[in-house]
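Take a look at the structure below.
The values are calculated or read from the model by the stated rules, or taken from the named source; none is laboratory data. For clarity, every value in this text was computed on a predicted model and none was experimentally measured. In this analysis, Cβ positions are derived from the backbone assuming ideal geometry, glycine residues included, and neighbour counts consider all displayed protein chains. Note: accessible area is taken over every heavy atom of the protein model, side chains too, but ligands, DNA and RNA are not part of it. Shrake-Rupley method; radii C 1.70, N 1.55, O 1.52, S 1.80 Å.
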Amino acid sequence: MLAKISVSINPFPALAGIVVLLSLHFTPFTCAYSDSPWTWRCSDGISCQRQLANGTEPRVSLNVCWLTCGEYGALWPQPTIKTFMGTHLVGFHAQNAEVVAINAPHKAVKAMLGYAGNVLLDHLFRMSPKDDDVSPGQSNRGFEQNYLAITLTAQNTDTRISLGTDESYNLTISALYGSGGTQVNVDIVGATYFGVRHGLETLGQLIAYDEFNKCLRIVKEAAIEDRPAFAYRGLMIDTSRNFIPILYLKRMVDAMSYNRMNMLHWHISDTNSFPFYSKRIPHMTTYGAYSKSQIYTPKDVKELVLYARLRGVKIIPELDAPAHAGNGWQWGPEEGLGDLALCVNAEPWRSYCGQPPCGQLNPINNYTYLVLRELYSDFLEVFDKDVFHMGGDEVFFQCWYYHTEIRNWLHSRGTHDLMDLWGEFQQKAFARLIEANGGHYIKPIVWTSDMTSRGRQHLSPNDYIIQIWTGSSHSDVREILQEKYKVIFSNVDAAYLDHGYGSWLGRDHMWTIKTWQNLYDNDLIKITEYHLGSNATYHVLAAGQILGGEATLWAEKVDQHNMEMKLWPRSAAFAERLWSSPRNRSNSVYPRLLHHRARMVRRGIHADRLQPESCHQISGYCSDPSSRL
C-alpha cells in the first residue's frame with residue numbers, strides 16, 4: 001500500500017505555526033480477507049494462535065485450525081469414551097452434503113432422523129457465506145467434486161426422551177478417493193434417535209468454514225464413542241415473573257442442543273402470574289395472565305414440546321404448590337368454591353411469604369385439590385406423562401397459621417405442627433396427579449425444603465426425586481443421599497445463574513455472580529464424596545441416585561431481552577461438567593470454551609462475552625500466571 005503526503009503552506013505569515021494541513025492520500029484498493037497476512041497454528045495442543053504466514057505453507061483459518069487442535073479439537077462437550085481425529089482435512093461445499101441412508105426400526109424414528117439430518121444440513125449452508133462462489137483461478141478448484149455422504153442408524157423405536165434413555169452414539173468418518181473427487185463417508189449409530197442426534201451435533205462441530213479457500217472443511221478420518229456421564233443435564237427457566245415468548249424458548253432449546261443438554265425444566269407459574277391457558281379452568285388464565293398477549297396456549301406448548309423433542313430436549317413442567325401460588329387463584333369465592341389460595345398479594349408481605357407477591361394454596365379446602373387435578377390434566381395433555389415437577393419449596397407456615405380455619409384443623413388433629421398439614425397436602429396432590437394421568441404412575445420431582453429436611457416421611461424415596469437447591473455442603477444433602485433418594489443438583493452456591501445482578505427489591509443482596517468456572521467446577525461426584533466418602537459414593541453412582549444437575553435462571557430480572565447472555569456460555573460450562581464429568585479443569589478448557597462460544601454466536605445465540613476478541617485470535621496471551629483461570 002502506497003501513500004503520498006502533501007503539505008499545504010500557510011499563505012498568512014502572521015498565522016505561522018497555527019494552520020498547517022497535512023493530508024494523506026492512499027492508493028485505493030479493495031482489501032479482501034483472503035489477503036490477510038495471518039495464519040493460525042495449534043500451540044502445545046491447547047489452542048490455536050495467530051502467526052504471520054511465511055508464504056511457503058497454505059494459510060489456515062482460525063476455525064479450521066481448531067478442528068484438529070488438541071485431543072478434542074473443536075468438540076464441546078468433550079467425548080467420554082474414545083476420541084480419535086486425523087490431522088488431514090477435506091474440502092467440500094454445502095450443496096454436496098447429503099444424508100444418503102437412514103436405518104431405523106420404525107417409520108416415526110426414520111422421520112425424526114430425517115428432520116435431524118436436515119437441521120445439520122441447514123447449519124452447513126448457514127456456515128457458508130452467500131458470496132462464496134468459486135472463480136476459476138482460486139485455490140479451491142476441485143472441491144466442487146468432493147462429496148459428504150451421511151448414514152444414520154438408530155437401533156430402537158424410542159421417540160421420547162426419558163430419564164432412562166440411552167443417549168450413546170458412535171461416529172466414524174472415512175474418505176474414499178476417486179478420479180471424480182473425494183467422498184467422505186460419515187456413519188453415526190445410536191441406540192436411540194437421541195444418541196444419533198447428539199452424533200449429528202458432534203459432526204457439525206467437526207466441520208468449519210475455510211474463508212481462505214471458500215469451502216467447508218471436515219476431518220478426513222475420525223472415530224468417536226461417546227455417552228453422557230449423567231442422565232439429567234438441565235436448565236430451568238421461569239416464565240411467571242416475566243413472560244418469555246415461545247420464540248425465545250425455542251432459541252433456548254436450540255442452544256441446549258448445541259451443548260447436548262437434554263432437560264428443560266419450565267417453571268411456568270408462580271404467585272406473580274399464571275400464563276398457561278387452562279381449557280378446563282379458564283379462570284386461572286383470566287385472573288392470572290399479565291395480558292391477553294402473554295399467554296401460552298395448548299397449541300403453543302405442543303409445538304414447543306415437539307420442537308424440543310426433535311432436538312433431544314425433554315420439557316418438564318412445574319406447577320409449584322402449595323407455596324408460590326397466588327395470582328390466578330383468586331376466583332374461588334366468586335364461583336362458590338371458597339378461598340382456593342390464602343394470603344394472595346397480602347401486605348406487609350414479609351409477614352406472609354418469602355418474596356412478594358404472596359400466595360399459598362388452601363390445604364383444607366377440598367376444591368383446591370379438584371382444581372389441581374383439572375390443571376394437572378391440562379398439563380399432561382401437552383407435556384410428557386412420565387415425570388412432573390410439583391414444586392414444594394418455601395412454604396411459609398405463618399400464612400397458614402394466620403387463618404382460624406387452619407388453626408382449628410390443627411386442634412382437631414391434636415397437633416401443632418403444620419408439617420402434618422403440608423404432608424397431607426402433598427399426599428393428596430400427588431394422588432390427584434396420578435388421577436389426572438389416567439391412574440398411571442408418574443415420577444414427581446420436588447425442591448429441597450423444610451419437608452425434605454424434617455418431613456421426609458411424607459416423601460417416599462421410591463417415588464420422589466429431590467432437586468437440591470440448598471448449598472452443596474448442607475447436611476441435608478448427606479441425609480437425602482443416605483436415604484436412597486434420587487437427586488438432581490441445582491445447589492445455590494454454584495448453579496443459580498440469576499445471582500449477582502443486584503437485588504430486584506431495591507436493597508443490597510449478598511449473592512455473588514456464578515462464573516463459568518463455578519459451574520464447570522461444580523463436580524457432582526466430589527460433592528457426594530464430601531458427604532459420603534469415596535466408597536459410598538461409588539455405590540450411590542452405581543445405584544443411579546445422582547441423576548445429574550440443572551442450572552437455574554429465575555426471572556425476577558430476566559426476560560427475552562437479556563436471558564441468553566445470562567444463560568450462555570456459563571451453561572455450556574455446566575453442560576461439559578454434566579456430559580463429560582472431567583476430573584479437573586485443564587488449561588485447554590478456557591480456549592475451547594471461547595471457541596465454542598464464538599460458534600454459538602455464529603449460530604445466532606446472544607452468548608455473553610468472556611474475553612476480548614484478541615484472546616480468541618491470539619490465544620495463550622491472556623492468561624494471568626498468578627491466578628488459575
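Structure summary
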read-out	value
Residue check, Y72 assigned to a helix (DSSP H, G or I), within 30 Å of R577 (Cβ to Cβ), modelled with pLDDT of 95 or more and of a type outside the set (S, T, N, Q)	no
Selection count where residues are without any contact (Cβ under 8 Å) to a residue 12 or more places away in the chain and either touching a helix residue (DSSP H, G or I) at 6+ places or on another chain (Cβ under 8 Å) or not in a helix (DSSP H, G or I) (or both), scope the range 397-419	7
Cross-chain or 6+ apart pairs with Cβ under 8 Å, the range 325-342 first and farther than 18 Å from E405 by Cβ, then in a loop (DSSP other than H, G, I, E, B) and among the small types (G, A, S)	G326/G359; N327/S273; N327/G359; G328/S269; G328/S273; G328/A289
Top-ranked residue of the range 497-540 - restricted to ones that are of a type in the set (S, T, N, Q) and assigned to a loop (DSSP other than H, G, I, E, B), ranked as most open to solvent (accessible area, probe 1.4 Å)	T512
Any hit, the range 473-490, residues being in a loop (DSSP other than H, G, I, E, B), on the phi > 0 side of the Ramachandran plot and in contact with a Pro (Cβ under 7 Å, 6 or more places away or on another chain)	yes
Qualifying position, being hydroxyl-bearing (S, T, Y) and crowded, with 21+ Cβ neighbours inside 10 Å, among S588, S619	S619
Residue selected from the range 230-240 under the condition touching an Asp or Glu at 6+ places or on another chain (Cβ under 9 Å) and among the aliphatic types (A, V, I, L, M), by the criterion surrounded by the fewest Cβ atoms within 10 Å (Cβ to Cβ)	A231
Given (1) within 30 Å of N156 (Cα to Cα); (2) surrounded by 20 or more Cβ atoms within 10 Å (Cβ to Cβ); (3) not small (G, A, S), number of the condition Q78 does not satisfy	(2)
Meets criteria (part of a loop (DSSP other than H, G, I, E, B) and more than 30 Å from L200 (Cα to Cα)) for G312	no
Test: residue in the range 66-89 that is closer than 16 Å to A222 by Cα, among the basic types (K, R) and touching a residue at least 40 places away in the same chain (Cβ under 8 Å)	yes
Single residue of the range 101-131 satisfying the filter (of a type outside the set (S, T, Y) and part of a loop (DSSP other than H, G, I, E, B)) that is most open to solvent (accessible area, probe 1.4 Å)	K130
Every pair of residues 6+ apart whose Cβ atoms lie under 8 Å, when the first sits in the range 614-629 and is assigned to a helix (DSSP H, G or I) while the second is at pLDDT 70 or above and open to solvent by 60 Å² or more (accessible area, probe 1.4 Å)	S614/Y621; C615/Y621; Q617/R50
Hits in the range 288-303 - residues which are more than 19 Å from F383 (Cα to Cα) and either among the polar types (S, T, N, Q) or surrounded by fewer than 19 Cβ atoms within 10 Å (Cβ to Cβ) (or both)	Y290, S291, K292, S293, Q294
Some residue of the range 241-251 being farther than 23 Å from L372 by Cβ, open to solvent by 20 Å² or more (accessible area, probe 1.4 Å) and aliphatic (A, V, I, L, M)	yes
Residue check for Y287: assigned to a helix (DSSP H, G or I) and touching a helix residue (DSSP H, G or I) at 6+ places or on another chain (Cβ under 9 Å)	no
Residue within the range 588-597 that is hydroxyl-bearing (S, T, Y) and under 28 Å from L481 (Cβ atoms) present	no
Sole residue being part of a helix (DSSP H, G or I) and of a type in the set (D, E, K, R), chosen from K292, K279, K299	K299
Enumeration of residues in the range 377-396 that are outside any loop (DSSP other than H, G, I, E, B) and open to solvent by less than 10 Å² (accessible area, probe 1.4 Å)	D378, F379, L380, V387, F388, H389
Residue count, the range 183-228 (criterion: within 19 Å of the chain's Cα centre (by Cα) and of a type in the set (S, T, Y))	1
Every residue from the range 209-229 that is open to solvent by 10 Å² or more (accessible area, probe 1.4 Å), out of contact with any helix residue (DSSP H, G or I) (no Cβ under 8 Å at 6 or more places or on another chain) and part of a strand (DSSP E or B)	A223, E225
Number of the condition not met by T368 [criteria: (1) crowded, with 23+ Cβ neighbours inside 10 Å; (2) of a type in the set (S, T, N, Q); (3) out of contact with any His (no Cβ under 9 Å at 6 or more places or on another chain); (4) in a loop (DSSP other than H, G, I, E, B)]	(4)
Residue list for the range 471-487, restricted to those being touching a helix residue (DSSP H, G or I) at 6+ places or on another chain (Cβ under 6 Å) and free of Cβ contacts under 8 Å to residues at least 40 places away in the same chain	D476
Given (1) touching a residue at least 60 places away in the same chain (Cβ under 8 Å); (2) over 25 Å from the mean Cα position of the chain (by Cα); (3) within 30 Å of G533 (Cα to Cα), index of the condition R432 fails	(3)
Filter pass, G199 being at pLDDT 95 or above, open to solvent by less than 10 Å² (accessible area, probe 1.4 Å), out of contact with any Leu (no Cβ under 9 Å at 6 or more places or on another chain) and part of a helix (DSSP H, G or I)	no
Some residue of the range 483-495 being among the hydroxyl-bearing types (S, T, Y) and in contact with a Gly (Cβ under 8 Å, 6 or more places away or on another chain)	yes
Residues satisfying the stated conditions in the range 343-365, i.e. open to solvent by less than 10 Å² (accessible area, probe 1.4 Å), among the aliphatic types (A, V, I, L, M) and in a loop (DSSP other than H, G, I, E, B)	none
Residue ID - surrounded by the fewest Cβ atoms within 10 Å (Cβ to Cβ), chosen from residues in the range 541-576 that are without any contact (Cβ under 8 Å) to a residue 60 or more places away in the chain and assigned to a helix (DSSP H, G or I)	A542
